[in-house]
Amino acid sequence: MATFYAATLVKNKLVSLLMKYPTINAIGIGAVDMLAPLSQMEACVNVYTTSATVQTNMPKSITVLAEGRSEAVQVITRPATTFSMGNRGSLGQTFGFAANQGVPNASSRFTERIRPAIAGYSVGESEDAGTLGLVVTEQNQPGELFIFSNNHVLVFSNQGRALTYQPGGFDQAPSAATLIGSVNSFLSLDEVGSNLVDVATAQPFRSSDLAPLYATVGEVPGWVTAFQVGDRLKKVGRTTGAVSGVVEAVNVTARVDYTEDQLGILLFNKQTLIRADQFGQQIDLPGDSGSCWLREDNNLAAAVNFAGEATPGGTLSLSYNVDWALEALGLAVARINGSAGQRVEVQRSPNFFAFTPPLTPSERAQLRSRVIRFS
């Protein structure tokens, strides 16, 4: 039975070769049966593509020497179209439907104006709509509340300060009634190198317009530093509403289409792919960008959804560790009592490579160097 360490070795050998081909959209570490107990999981490499040629010609397994023994790792091709950040409300028109019209599982409840605003509801700049993922506060001086979502939801084309509306401008014409604040920080996206997060925050003009709650859940007590293949997660998004999924692959390298934001195709490393855990359920559709995955068992925040398949199948969510963005911005999940939520350090053992990988010191420095703040 192949170990996750062996699968990681195979993935590292394949990634530079396979990602040269435009028909291969992502590659990551998964399990032959992701619902099996971790101790019984056989690790594999998942290759995401829609190319019949790739599916036919890809080797079914690759043998590597791992910790002194030879291991055969299965390589499984899984269908997936190009990943796109274009799961904002405006792309509903591209896909042939207007917001919450003809979208399975769509919930108009989360496109409404709500005060105080809470996580799970529509938010965005004047033209589009995504999801308010979390309500956060400063790690070292908790108290003031901020909106946490994606760069491409709150910021115009990766630059400049924008006003923030709740609901987002796609769901309701911008007005004094829907204006809630303005962007106060974001991490710039790299158009040439690689990326790890897509994040921005906004500061409300009135503190009373925001509450540290999550729709259908209530209070989020904190967040985790890692999670693993097979973990069950849940989230609330502006379009799909309350959904659940299972971690299908970690340490994912993926190309994501940011053409609508005039950034072209961007490369992301160390990502996570989450698949709907119910047949036919859609977990990521236009407008769900920015929604935050919580652990199903304890409501701790785990990952931030920012992309899905460009063709609206909706069964896959490309997400990153929420801990990375919070650390880079010096933020924490906000609690009802005004304190900062707990950062729960997850021990990646005994199966280290089955978990989302930690950032290296250079990657942490890279994130800090990309922070842009507005006073």
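FYI, it's all coordinate maths here, none of it is from the lab. Just so it is clear, the structure is predicted and the values come from calculations on it, not from any experiment. So basically every Cβ, Gly included, is an ideal-geometry build from the backbone, and we count neighbours across all protein chains shown.
Taking the simple approach of a point 7 Å from Cα along Cα-to-Cβ for both SER16 and GLU345, what is their distance in nm?
For SER16 paired with GLU345, the spin-label model returns 3.4 nm.
With the cut-off at 26 Å, tell me which of the pairs LYS20/LYS234; LYS235/LYS270; LYS13/LYS234; LYS60/LYS270; LYS20/LYS235 have Cα atoms farther apart than that.
Details: LYS20/LYS234 33 Å; LYS235/LYS270 21 Å; LYS13/LYS234 33 Å; LYS60/LYS270 24 Å; LYS20/LYS235 33 Å.
Table pairs above 26 Å Cα-Cα are LYS20/LYS234; LYS13/LYS234; LYS20/LYS235.
Please list 3J(HN,Hα) in residue order for the stretch 110-126, calculated via the Karplus relation 6.51 cos²θ - 1.76 cosθ + 1.60 where θ = phi - 60°; whole Hz, with x for glycine and proline.
Result, rounded to whole Hz: 8, 9, 7, 6, 9, 9, x, 6, 9, 5, x, 9, 4, 8, x, 8, 6.
Among ILE27, ILE147, ILE62, what is the fewest-to-most ranking by other Cβ atoms within 10 Å?
Details: ILE27 24, ILE147 29, ILE62 20.
With the fewest neighbours first, ILE27, ILE147, ILE62 line up as ILE62, ILE27, ILE147.
Please give the contour-minus-distance gain from GLU127 to SER175: 0.36 nm per residue of separation, less the Cα-Cα distance, rounded to one decimal in nm. Numbers along the way, then the final one.
Numbers: separation 48, 0.36 × 48 = 17.28 nm, distance 1.20 nm.
Working it through step by step, the gained length comes to 16.1 nm.
If amide hydrogens are placed 1.01 Å from N in the peptide plane, which non-local residues have theirs closer than 5 Å to the one on GLY181?
Here THR164, PHE205 satisfy the definition.
Give the distance, in whole Å, between the Cα centre of the stretch 284-299 and the Cα centre of the stretch 1-37.
Here the two parts' Cα centres lie 24 Å apart.
Can you run phi through the Karplus equation (6.51, -1.76, 1.60; θ = phi - 60°) for the stretch 301-310 and list ³J(HN,Hα) in whole Hz, with x for Gly and Pro?
Along the stretch 301-310, the couplings run 5, 10, 8, 10, 6, 9, 7, x, 5, 5 Hz.
Helix-only mean residue ellipticity at 222 nm, the chain, DSSP H runs n ≥ 4 weighted -39,500 (n - 2.57), per residue, nearest 500. What is it? Please list the in-between numbers first.
Details: 6 runs with 46 residues, N = 375.
Mean residue ellipticity, 222 nm, calculated: -3000 deg cm²/dmol.
In the neighborhood of LYS60, defined by Cβ-to-Cβ distances under 15 Å, what is the net charge if each Lys or Arg adds +1 and each Asp or Glu adds -1? Write down the numbers at each step before the final one.
Working: positive: ARG78; negative: GLU42, GLU71.
Here the charged neighbours net out to -1.
Whole-Hz Karplus ³J(HN,Hα) for the stretch 337-347, in order, using 6.51 cos²θ - 1.76 cosθ + 1.60 and θ = phi - 60°, x for Gly and Pro?
7, x, 8, 8, x, 7, 8, 9, 6, 8, 7
Let me know the longest stretch in the chain that avoids all trypsin sites (Lys or Arg not before Pro) found in a DSSP loop with at most 12 other C-beta atoms within 10 Å. If you can, show how the numbers build up before the last one.
Values: sites that count: LYS20, LYS60, ARG206.
Between exposed loop sites, the widest span is 207-375.
Between the alpha-carbon centers of the stretch 304-375 and the stretch 124-164, tell me the distance in whole angstrom.
15
About the Cα centre of the stretch 4-79, what is the dipole size in debye to 20, counting +1 per Lys and Arg Cβ and -1 per Asp and Glu Cβ, all else neutral? Working shown, then result.
Values: 6 positive and 4 negative charges, 54 e Å.
So the dipole magnitude of the stretch 4-79 works out to roughly 260 debye.
Could you pull out the chymotrypsin sites (Phe, Trp or Tyr not before Pro) across the stretch 302-375 that fall in loop regions by DSSP (anything but H, G, I, E, B) with no more than 16 other Cβ atoms inside 10 Å? All intermediate terms of the calculation are to be shown ahead of the outcome.
Details: sites: PHE306, TYR320, TRP324, PHE352, PHE353, PHE355, PHE374; in loops: PHE374.
The qualifying sites are PHE374.
Could you tell me which label, among [x] 32, 58, 10, 0; [y] 26, 56, 18, 0; [z] 22, 40, 25, 11, 2, carries the value of P(r) over Cα pairs in 20 Å bins from 0, in percent calculated for this structure?
Matching entry in [x] 32, 58, 10, 0; [y] 26, 56, 18, 0; [z] 22, 40, 25, 11, 2: [x].
Starting from the 7 Å offset along Cα-to-Cβ, what nm value, one decimal, do you get for the label separation of ILE265 and LEU35?
Simple spin-label model gives 3.4 nm for this pair.
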